[in-house]
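Asks: What follows is a structure written as structure tokens; I'll ask about it next.
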Amino acid sequence: MDERLKAYDEKMTKTMDNLFSELDAIRAGRANPHVLDHLRVDYYGSPTPIQQVANVSVPEPRMIQIAPWDASLLKDIEKAILTSDVGINPTNDGKVIRLVFPELTEERRKDLVKDVKKKGEEAKVAIRNIRRDANDAFKKLEKEDISEDEVKELTEDAQKMTDDYIKKVDDAVKAKADEVMTV
């Protein structure tokens with residue numbers, strides 16, 4: 001791969017990583033500890049991810065169990081879950097917090113699929129913007145020291161790279177939509 005394309009490839013890879021983390025956070029009726037990835041708990045004055053202050057496990061297919069290492073954090077973790085967009089009321093027995101995921105209704109599944117597709121579209125727009133930035137940079141190079149043919153080749157390579165990433169986005173969105181719609 002041309003050195004001039006590497007930076008744009010890295011940006012597209014970061015866009016894909018971001019999409020995967022967003023898709024992981026969408027719950028599909030099964031317990032997935034990644035829904036807690038964005039939650040922070042005040043731990044000695046600094047916002048800390050729940051996974052760093054508690055043992056997060058999935059004892060059953062539709063339940064997440066959170067066992068904090070410091071029992072004083074139970075209330076803070078419970079509050080963080082309640083104020084988040086997880087959409088599940090935690091049950092606290094004094095030692096652990098349990099999140100029981102209800103079976104998703106057909107309507108809720110369709111809403112989640114719409115959300116998945118929206119995130120996919122946002123990723124595609126970001127990838128296309130990166131391609132546009134690359135093409136602009138290549139056109140500026142043409143004015144300096146490289147031939148029209150080289151610019152054309154770089155532009156075509158950027159387009160091929162964009163097409164590959166768009167296909168990866170489509171595949172990821174389809175896989176997640178199928179997962180959400182599976183009862």
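The values are calculated or read from the model by the stated rules, or taken from the named source; none is laboratory data. Since the model is a prediction, treat every value here as computed from it, not as a measurement. Because the Cβ atoms are built from the backbone with ideal geometry, glycine has one as well, and the counts that use them run over all protein chains shown. Calculation scope for accessible area: heavy atoms of the full protein, side chains included, ligands and nucleic acids excluded. Shrake-Rupley method; radii C 1.70, N 1.55, O 1.52, S 1.80 Å.
Asks: With (1) exposed (fewer than 12 other Cβ atoms within 10 Å of the Cβ); (2) at pLDDT below 90 as the list, and residue 138 as the residue in question, which single condition is left unmet?
Replies: (1)
Asks: If you don't mind, another one. Can you work out which of the residues in segment 96-123 that are open to solvent by less than 30 Å² (accessible area, probe 1.4 Å) and either in contact with a Cys (Cβ under 7 Å, 6 or more places away or on another chain) or not β-branched (Val, Ile, Thr) (or both) is farthest from residue 58 (Cα to Cα)?
Replies: Only one residue fits best here, namely 123.
Asks: Name every residue in segment 53-102 that is part of a loop (DSSP other than H, G, I, E, B) and aliphatic (A, V, I, L, M), in order of residue number.
Replies: Listed by number, the residues that qualify are 53, 86, 88, 96.
Asks: Residues 90, 33, 49: which one is modelled with pLDDT of 85 or more, surrounded by 12 or more Cβ atoms within 10 Å (Cβ to Cβ) and within 24 Å of residue 180 (Cα to Cα)?
Replies: From the options 90, 33, 49, the qualifying one is 90.
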